[in-house]
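Comments concern the structure below.
The values are calculated or read from the model by the stated rules, or taken from the named source; none is laboratory data. No experiment lies behind these values; they were computed from the predicted model shown. Note that each Cβ is placed from the backbone with ideal geometry, even for glycine, and that neighbours are counted across all protein chains shown.
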């Protein structure tokens, strides 16, 4: 992908703020995904978020029934307003529970920023591949919705897995 | 005049919404402008007085046991018939009608008191588990037992809000089939003021207590009616906007400060008692939790909360605290603060408080604790903490045992071998922090725990195992690694991890 000369860098913090406004917050537990590429390899600048419902379960340990995705929020580019749409085929995806918080969530933010850099042409996917591995850590933290995302964004996550295997070799 | 060609008297569907206040120190203020929706038949009557300058009109509703005057499809109240002439004048913006409402509703006083206690803002260290005075709480219900069956009878009160200002925010008129009455909807917004005083705050709190009362009747976990979700959101919204998390953090820090520098053995009693004093177990479970004799108030409250947990999960305060934790991605420390502010929890909340406080003790001067692990039974739905030990080897697997009541077969979980971890700890004695269980049933050392999870009862149920669940650890030891065996066959996983 060409590297545009004057494309402004999209900061993940700014995008997350815009996401928060687009979601019209309600007191209902939910989990947006990390920023996802609309397609992979990317053909444009569009990123999207998928939102899942997390219903607290009456269990002893803290656990949630994951359902979704219930909404899709698409940012066509850094400057355009997002499109928010309901997802018709929301389904029960399984149970998630508290898991190790010591896995740094900082690397998820780094991974998201790396994706935004790729989508806006600041870097190539290969240049950002080391940081993008954080997406796989995030999936491991969210096994129920992670399984759904691996299917929906198969090309992206298979590319990440190939890169992870190459790094281990 | 006619409403869409209809001339005569017609009922209107009425809805109310209102904007509440917010306190300082909330975890997130993003929902401060969210509106509460009033859709509860415990509002037994109302009268909206519309002032059109030279004259007034009334929109009223009075429900009876036989006539609900409530549209369950719309979740709107249904008024007594109004003339189409009057309605036309009301909706004419040129008339600039202003409105006041008198509204009567009933609620269970327990939930009003519970809201007051959970949203305390004062500088004391009291919470619902450890109130200044138990009488105001215990006076709101009667408790009885018939064998294992718990019977709670709630006291109720009625309240009338008089002359409350409101505004007509929206209306909708839908044509009906020929000869039928058009559907008219009026949506009013109650106005408690931009700086509500004590009376207004009490009124808003009692309206939420009314919704909580209805959740306690109809808030079953599965397939709730849509109106139940409105009540649930109202209760969660109120708690989100009225919980001072910094107060909960102060309670957490106070407990931690009382036990810094103590030996691991002393912590197993002293810290356990202190946490137990500040948390009431909110779910029924087979093992003894609060002591009927030595913790009578907590025992009675636990019995009440247990009935909510079993028959109306959406009314459990723990559902709402878990909602807040997940919605705002609270850290372990924040979750512990929230649990202590609310004074209620299942074993998960007790474990979060234990883990967070032990982390703080480890980081404090004079610390004598080597490490803490957030854990639980591998094949039972129970969470607790083990400490003064470290876990270097964790297995990520999928459950293989149909007897597992923590997770289903093929669900992922992280585990560690307690026997191996204790062997590696050599002379250092490891302990269990489980303030959820009554002291008489809790195993205070990890060695005793290992024996218990391999005991005769466990063997009989094919649940004997050396493994415990692994949730988190502090600090993470240098040699820490996770062996991922999820891709192995079920037989291979079962061979490596017994009875999980």
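Among the residues of region B:299-350, the one identified as more than 26 Å from residue B:222 (Cβ to Cβ), touching a residue at least 24 places away in the same chain (Cβ under 8 Å) and within 8 Å of chain A (Cβ to nearest Cβ) is B:332. For region B:325-345, the criterion of being modelled with pLDDT of 95 or more, crowded, with 20+ Cβ neighbours inside 10 Å and out of contact with any helix residue (DSSP H, G or I) (no Cβ under 7 Å at 6 or more places or on another chain) is satisfied by no residue at all. Inspect region B:140-152 for any residue being within 23 Å of residue B:242 (Cα to Cα) and more than 14 Å from chain A (Cβ to nearest Cβ) and give the result as yes or no. Among the residues of region B:140-152, at least one is within 23 Å of residue B:242 (Cα to Cα) and more than 14 Å from chain A (Cβ to nearest Cβ), which makes the answer yes.
Here is a yes/no grid of residues against (1) surrounded by fewer than 18 Cβ atoms within 10 Å (Cβ to Cβ); (2) within 30 Å of residue A:62 (Cβ to Cβ); (3) modelled with pLDDT of 90 or more:
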position	(1), (2), (3)
A:82	no, no, yes
A:107	yes, yes, no
A:116	no, no, yes
A:138	no, yes, yes
A:147	yes, yes, yes
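With the condition kept exactly as written, say whether any residue in region B:387-406 is farther than 30 Å from residue B:251 by Cα, assigned to a helix (DSSP H, G or I) and either in contact with a helix residue (DSSP H, G or I) (Cβ under 7 Å, 6 or more places away or on another chain) or more than 14 Å from chain A (Cβ to nearest Cβ) (or both).
Of all residues in region B:387-406, those farther than 30 Å from residue B:251 by Cα come to B:392-406.
From what is left, the residues that are assigned to a helix (DSSP H, G or I) are none.
The answer is no; no qualifying residue exists.
When region A:15-37 is filtered for residues that are part of a loop (DSSP other than H, G, I, E, B), at pLDDT 90 or above and out of contact with any strand residue (DSSP E or B) (no Cβ under 6 Å at 6 or more places or on another chain), the ones remaining, listed by number, are A:26, A:27, A:28, A:34. Looking across region A:59-73, the residues that are within 14 Å of another protein chain (Cβ to nearest Cβ) and at negative phi come down to A:59, A:60, A:61, A:62, A:63, A:64, A:65, A:66, A:67, A:70.
Answer yes if at least one residue in region B:368-375 is buried (at least 21 other Cβ atoms within 10 Å of the Cβ) and free of Cβ contacts under 8 Å to residues at least 24 places away in the same chain, and no otherwise. For region B:368-375, residues buried (at least 21 other Cβ atoms within 10 Å of the Cβ) and free of Cβ contacts under 8 Å to residues at least 24 places away in the same chain: absent.
Matching residues to (1) farther than 30 Å from residue B:274 by Cβ; (2) in contact with a strand residue (DSSP E or B) (Cβ under 6 Å, 6 or more places away or on another chain):
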site	(1), (2)
B:408	yes, no
B:432	no, yes
B:439	no, no
B:474	no, yes
B:478	yes, no
B:484	yes, yes
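Being under 28 Å from the mean Cα position of the chain (by Cα), without any contact (Cβ under 8 Å) to a residue 40 or more places away in the chain and surrounded by fewer than 24 Cβ atoms within 10 Å (Cβ to Cβ), is that true of even one residue in region B:418-435? Scanning region B:418-435 turns up no residue that is under 28 Å from the mean Cα position of the chain (by Cα), without any contact (Cβ under 8 Å) to a residue 40 or more places away in the chain and surrounded by fewer than 24 Cβ atoms within 10 Å (Cβ to Cβ). In region B:123-138, the qualifying residues are those that are more than 19 Å from residue B:281 (Cβ to Cβ) and either touching a residue at least 24 places away in the same chain (Cβ under 8 Å) or in contact with a helix residue (DSSP H, G or I) (Cβ under 8 Å, 6 or more places away or on another chain) (or both), and the one that is surrounded by the most Cβ atoms within 10 Å (Cβ to Cβ) is B:125. Evaluation of residue A:43 against the conditions (1) in contact with a helix residue (DSSP H, G or I) (Cβ under 8 Å, 6 or more places away or on another chain); (2) outside any strand (DSSP E or B) shows that the sole unmet condition is (1). Within region A:43-58, is there a residue that is free of Cβ contacts under 8 Å to residues at least 12 places away in the same chain and within 9 Å of chain B (Cβ to nearest Cβ)? Within region A:43-58 (the criterion being free of Cβ contacts under 8 Å to residues at least 12 places away in the same chain and within 9 Å of chain B (Cβ to nearest Cβ)), the answer is yes, since at least one residue qualifies.
Here the condition is being closer than 28 Å to residue B:345 by Cα, buried (at least 20 other Cβ atoms within 10 Å of the Cβ) and away from chain A (no Cβ under 14 Å); of B:466, B:472, it holds for B:466 alone.
Considering each residue of region B:17-24 in turn, none proves to be more than 14 Å from chain A (Cβ to nearest Cβ), free of Cβ contacts under 8 Å to residues at least 24 places away in the same chain and not in a strand (DSSP E or B). Residue B:299 passes every criterion in (1) over 19 Å from residue B:141 (Cβ atoms); (2) not in a loop (DSSP other than H, G, I, E, B) apart from (1).
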